[in-house]
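The values are calculated or read from the model by the stated rules, or taken from the named source; none is laboratory data. Everything quoted here is computed from the prediction, not taken from an experiment. Cβ placement follows ideal geometry from the backbone for every residue including glycine, while neighbour counts extend to all protein chains displayed. Quick note on the areas: whole protein, heavy atoms, side chains included, nothing else; ligands and nucleic acids left out. Shrake-Rupley method; radii C 1.70, N 1.55, O 1.52, S 1.80 Å.
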Amino acid sequence: MSVQTEGTDTAGEPAVRKARVPAPPRGDSRTAGAPSRRRATAPYLLLLPALLATVVLLGWPLVKNGMLSFQNLNPRQLIQHLTEWNGVDNYREVLSGGEFWHVVERSVVFTALNVVLIMVIGTLVGLLLARLGAKMRLLLMVGLVLAWAMPVIAATTVYQWLFAQRFGVVNWVLDKLGWHSMAEHNWLETQFSTFAVITLLLVWQSIPFVAINLYAATTTIPRELYEAAALDGAGAWKGFTSVTLPFLRPFLYATTFLEVIWIFKAFPQIFALNEGGPDHLTETLPIYAYVEGVGNQHFGVGAAISFLTILVLLVVTSYYLRMVLKQEEDEL
């Protein structure tokens, strides 16, 4: 680069005047901000298809169900294409009857017992996976995945065969073991035994999800923490409560939340096994809504029950979420 010299400085050396580098042209601020705006809106554009699918597949049916719950819709109205609005009569009929509250109580207790069993057994299996060797872990995980991948109706059919009254495998095994009175025992005859079979089915289907999630969570725990706990003299139980459990707590919260929703809305297992029998004693809220709406053809009442089912589930899950958030705040 050529420079021009002009005069001398105090030391007698020529003074050098630096050539000015021209400043880059100042562009339009609106043009400069366009890329940043595009980057900011990109995540929303990517989420847009999922949001549209959710609105179409879930939002619109929910709105239609809510509108249906305020109508008197029976076979006569369906045949004549009549729309008879009856306000909150369907809700008044459901809430004023004692049967609905019995079903709500039954559903909550049934969900709580199942979730406790699933989380306890699933957590133990997940911790077992972390302790096993590579070959035994692979074998156990294959079994868990196969149980998890089995279709719901297929699994329910298998359990119907296992607990069948005359040719069931369970009755045959018990008879061979000496309990001859169980040779033709009807497992679906009473409320307790029917719920026992349903609980066994739901727990068997749910354990793989919990176990694999918990095992994946254990792989994120640094081994140095266990070594430090061992140097401090911590045993197996102390190491679990001070190292493993704090890391697994967020996974336990999230998994429990998902299991509450999955068990509460369980429909095909209960209906396919005994259709809510005997004498409607194993009906949960989804079964009750289906029986009243489709079975008895009181579609408006069934829609009201299903909408109330959503509200009950929101109340249950909101209570659980509030408890989880409170515990996290206490830990902070």
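Answer with one residue from Leu62, Ile305, Gly276: the one whose Cα lies farthest towards the positive end of the charge dipole of the chain, charges on Cβ with Lys, Arg +1 and Asp, Glu -1.
Ranked along the dipole, the leading option is Leu62.
Within the chain, which is the longest segment that contains none of the GluC sites (Glu not before Pro) sitting in a DSSP loop with at most 16 other Cβ atoms within 10 Å?
Numbers: sites that count: Glu84, Glu184, Glu189, Glu275.
With GluC sites (Glu not before Pro) excluded where exposed in loops, the chain gives 85-183 as its longest stretch.
Go through the range 106-197 and name the chymotrypsin sites (Phe, Trp or Tyr not before Pro) that are in a DSSP coil and have 12 or fewer other Cβ atoms within 10 Å of their Cβ.
Phe167, Trp179
Heavy atoms only, probe 1.4 Å: what % of the accessible area of the chain goes to carbon and sulfur, would you let me know?
Details: 14510 of 21530 Å².
Using a 1.4 Å probe with all protein chains present, the chain comes out at 67 percent carbon and sulfur.
Output the Kirkwood hydrodynamic radius of the chain, Cα pairs only, in Å rounded to one decimal. Each step should come with its number before you reach the end.
Details: mean 1/r = 0.0388 Å⁻¹.
It works out to 25.8 Å.
Ratio of Rg to Rh for the range 103-192, alpha carbon only, Kirkwood? If you can, show how the numbers build up before the last one.
On the way: Rg = 17.2 Å, Rh = 16.1 Å.
For the range 103-192, the value is 1.07.
For the range 169-294, report the translational diffusion coefficient in µm²/s to the nearest whole number, using Stokes-Einstein at 4 °C, 1.567 mPa s, and a Kirkwood Rh over Cα pairs.
Values: Rh = 18.2 Å.
Reported coefficient: 71 µm²/s.
Assign unit charges at the C-beta atoms only (+1 for Lys and Arg, -1 for Asp and Glu), then state the dipole size of the range 52-186 relative to its Cα centre in Debye, rounded to the nearest 20.
640 debye
Test of the criteria: in the range 120-166, which trypsin sites (Lys or Arg not before Pro) are in a DSSP loop and have at most 13 other Cβ atoms within 10 angstrom of their Cβ? Spell out each step's value before the answer.
Values: sites: Arg131, Lys135, Arg137, Arg166; in loops: Arg166.
Here the sparse-neighbourhood loop sites are Arg166.
For the range 54-140, with the dipole built from +1 on Lys and Arg beta-carbon atoms and -1 on Asp and Glu ones, taken about the Cα centre, which of Leu129, Trp85, Val103 lies farthest toward the positive end?
So the residue furthest toward the plus end is Leu129.
Given the DSSP H assignment, sum -39500 (n - 2.57) over each helix run of at least 4 residues in the chain and divide by its residue total; what's the result at 222 nm in deg cm²/dmol, nearest 500?
The helix contribution divided over the chain gives -22000 deg cm²/dmol.
Taking the Cα centre of the chain as the origin and placing charges on Cβ (Lys, Arg +1; Asp, Glu -1), which of Leu252, Leu46, Leu146 is farthest toward the positive end of the dipole?
Leu46
Please compute the contact order of the chain in relative form: average sequence separation of alpha-carbon pairs under 8 Å and at least six residues apart, divided by the residue count, as a percent.
Working: 295 pairs, mean separation 73.1, N = 332.
Relative CO of the chain lands at 22 percent.
Whose amide H sits under 5 Å from the amide H of Gln71, counting only residues 5 or more places off or on another chain, with H placed in the peptide plane?
Asn86
Hey, can you find the accessible area per residue of the chain for me, probe 1.4 Å, expressed in square angstrom?
Values: 21530 Å² over 332 residues.
On a per-residue basis, 65 Å².
Say each of Leu52 and Arg131 gets a label point 7 Å from the Cα, pointing the same way as Cα to Cβ; how far apart are those two points in nm?
My value for the distance between the label points is 5.2 nm.
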